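The values are calculated or read from the model by the stated rules, or taken from the named source; none is laboratory data. Being a predicted model, the structure only gives us computed values, none of them experimental. Positions of Cβ are backbone-derived with ideal geometry, glycine not excepted, and every protein chain shown enters the neighbour counts. Keep in mind that these areas ignore ligands, DNA and RNA; they rest on the heavy atoms of the full protein, side chains included. Shrake-Rupley method; radii C 1.70, N 1.55, O 1.52, S 1.80 Å.
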Amino acid sequence: MTVTLEGERLAEVARRLRDADTGGWRQPALRALVSSLGWEWREAAGDAGEAWLRPTGRHESEFVHDGEEFVGLHVPVELVAGGATAKAESFRRAAETLTEAFGRASIMGAYGDLGPFYESTPVWGSPFLRWRGKPDTLELRAGERGPELLLQPTDPAENWFWRQGHGEAHAIGGFFGSRRVSANGGLGFPGYWQTDDWDVYTSALSDFLGSLPAETSALGIGLDLGIHALVPGTYGPVVFHIVCGDQLEIVYSTEELDGAGSGTDPASLGWIPEATAPARLSHWIDWTHHSGVFGPDHTDGPRLARLLVDTLRGLGVSSPKDLSLSDHAQTVDDYQVDFYGLTLRENP
């Protein structure tokens, strides 16, 4: 493990970035900034552990309106040799340092498969914390080998996010949470995409669940998601309850199905009967079966997604559009959260 920034040094560098004059993200001001920090000028990712600038290229230029020549200064925080658990722990340590220095982030979430400007995100997870400002924003985000600081012009990244609300499948993944604070004034939220295709939904759910424990662990949050399903012959009860913090567990309730889906054997689909092995996390619904518990390094997103979808189809649910989230699922601490990767909103 090679430590790049930690403790007071991390807070100092983050503060200098946040207070920097980036001069409209053009070369003269950025060269002066890079020199003042004692770094070499690099316009692409260099060797591991080196800071680098992201130039405005073909993908970025579509979202730039004020002539920015660059759209980000990336600074690795820590290079982590371990897997998702170790990287999430490193991110969480850095998050605690920055929260102490700047207060709680105005925005938090996970990008899913695509980050700003259609960049591929790390396979271990894509958590981010954002201290939004104008004209620039400081972000702690996931890098391939651990957390990194990112100073970026605010408008281009937000333009990209806003324009993903075109409704096509997989346009946005992950989740996006914002606080009701002055820093978020004028912040826009793109519309959801939805699908009536179970295969498309299974793919999206697989991506969402696969990295979820690493992301929630990194962010230091807990998700508490009840999923309503319009099972024929019922009023649309909560069928699944997903809990995820440092670990992920899903429980399945047959208590309010009124005999619907009685021909489906949950154990044959892969659910663990509560009578055989009790669920390990705390849930607020009465459950009969559970998925088992999964941590950041061993979450099988495809298996869990198939487990939920096969169960829903066995119950006769006609479409993913017949699913919704339980009340208050979109409130996480004092963040209002949109779950784009789930493609679901709270029960209307």
I'd like to check something: does segment 67-77 contain any residue that is crowded, with 17+ Cβ neighbours inside 10 Å, in contact (Cβ under 8 Å) with a residue 40 or more places away in the chain, assigned to a helix (DSSP H, G or I) and aliphatic (A, V, I, L, M)?
no
Hey, residue 81 hits all of (1) in a loop (DSSP other than H, G, I, E, B); (2) surrounded by 14 or more Cβ atoms within 10 Å (Cβ to Cβ); (3) of a type in the set (A, V, I, L, M) but one; which does it fall short on?
(2)
Quick check on segment 313-325: of everything there that is crowded, with 17+ Cβ neighbours inside 10 Å and touching an Asp or Glu at 6+ places or on another chain (Cβ under 7 Å), which residue is farthest from residue 345 (Cα to Cα)?
320
First in segment 282-302 and more than 15 Å from residue 212 (Cα to Cα), second anywhere and open to solvent by 30 Å² or more (accessible area, probe 1.4 Å) and in a loop (DSSP other than H, G, I, E, B), Cβ under 6 Å, 6 or more apart:
286/255; 288/254; 288/274
Residue among 128, 161, 91 that is surrounded by fewer than 21 Cβ atoms within 10 Å (Cβ to Cβ), outside the structural domain of residue 300 (by the TED database) and among the aromatic types (Phe, Trp, Tyr):
161
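Results for (1) modelled with pLDDT of 95 or more; (2) surrounded by fewer than 19 Cβ atoms within 10 Å (Cβ to Cβ), shown as yes or no for each residue.
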position: 189; (1), (2): no, yes
position: 197; (1), (2): yes, yes
position: 200; (1), (2): yes, yes
position: 209; (1), (2): yes, no
position: 212; (1), (2): yes, no
position: 216; (1), (2): yes, no
position: 222; (1), (2): yes, yes
position: 226; (1), (2): yes, no
Please work out which one of (1) more than 30 Å from residue 106 (Cα to Cα); (2) exposed (fewer than 15 other Cβ atoms within 10 Å of the Cβ) is the condition residue 334 fails and give its number.
(1)
